[in-house]
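Here, each number is a calculation from the coordinates, and none is a lab measurement. Bear in mind that the values here come from a model prediction, so they are computed numbers and not experimental data. Here the Cβ is made from the backbone with ideal geometry for all residues, glycine too, and neighbour counts use every protein chain on show.
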Amino acid sequence: MDDDTHRAIERGLAYLRSRQNADGSLGRGGYAMNVAVVALAGMAYMSRGDTPGRGPYGEGARLCLDYILAHTEASGFVNSPAFTGPGPMYGHGFATLFLAEAYGMTDDNRIRDRLSHAVKLIIATQNDEGGWRYFPRRADADLSVTICQVMALRAARNAGIFVPNDTIDRCIAYVKRCQNDDGGFMYQTTQPGISEFPRSAAGVVALYSAGIYEGEAVEKGLRYLLDAAPQHYSPSGNTYYFYGQYYAAQAMYLAGDAYWTKWYPAIRDPLKQAQRPTGEWPDPICAEYGTAMACIILQMPNSHLPIFQR
């Protein structure tokens, strides 16, 4: 990682810390105090090697952890009542992933009970197809929400939390049914459609998270991503840019150096050029979200987060 990239990361992390409220929350507009934004900021801090309470951004990570713990309900559902936007299971998945990573990196016993309950909620709300949807109930499913839960389950299992094999097996079956012949992935099996880059990147990572590291489904997915990758960063009008690149970076990093050595410069350089002088990366969701995502992507080679380790 070159010096310019290090400086871009430090500016991004400093921006996040400057935007963090006393209760640990981040975000603005419709995503103010959103648990997903808080969780991603916490993961951005920890991708540097800092942990809650330790390191230059340890206080920021601790505040993120405190906020997520404070917004974990008795049922295990992680959600801020202040957030009234769409898809609270996205937030639950990202928050559970963050709790699992924090627990794995710190062994903080405050986390285990809430993490266990959050995982149990994911298991209990898996639908008959094997996936998840916007709300914590067994209804329909889509690939976009499902990947958030699959990564959370993988991280939790890595941290020593019990996850039934049957839950993972049903995830795998669902994700494979979402794959199109071109290697990309559709949004829902009940409404078959064309492949799109963001959810296709998520589909490949879902397979990795479920323990499928090789085979036709993975190879087809990686080829699709190489062919369909966006060429330019667009900070406005593309809500899914960072979502797609977040998962694509994971897919290529976990696929090995043959993929990663070409992919990383192609995403690193546009991100460095697009960063604002004040440190943030704009995004239609909010700048805190875009900045956290960019910092995680740029720090992927650090391998500090267990979920990103090969």
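General remarks:
- Partner lysines for LYS272 [C-alpha distance under 23 Å; skip if fewer than 8 residues away on the same chain]: LYS262
- Burial ranking of peptide ranges 121-133, 253-265, 217-229 (average Cβ count within 10 Å, highest at the top): 121-133, 217-229, 253-265
- Shape summary of segment 3-308, radius of gyration then Dmax from alpha carbon positions: 17.7, 49 Å.
- Label-to-label distance, nm, for residues given as TYR134 and GLN231 (7 Å Cα→Cβ offset): 3.5 nm
- Computed per residue of the chain from DSSP H runs no shorter than four, each worth -39500 (n - 2.57), the mean residue ellipticity at 222 nm is -19000 deg cm²/dmol.
- Considering only GLN275, GLY130, SER75, the residue lying farthest towards the positive end of the dipole of segment 3-308 is SER75, judged by Cα position with unit charges set on Cβ.
- Scattering curve values for segment 263-310, log₁₀ I(q)/I(0), Debye with Cα scatterers, q = 0.17, 0.28 Å⁻¹: -0.53, -1.06
- Debye, to nearest 20: dipole size of the chain, +1 on Lys, Arg Cβ, -1 on Asp, Glu Cβ: 380 debye
- Residues ARG223 and ASP2, FRET efficiency given R0 of 30 Å [Cβ-Cβ distance, rounded to 0.05]: 0.55
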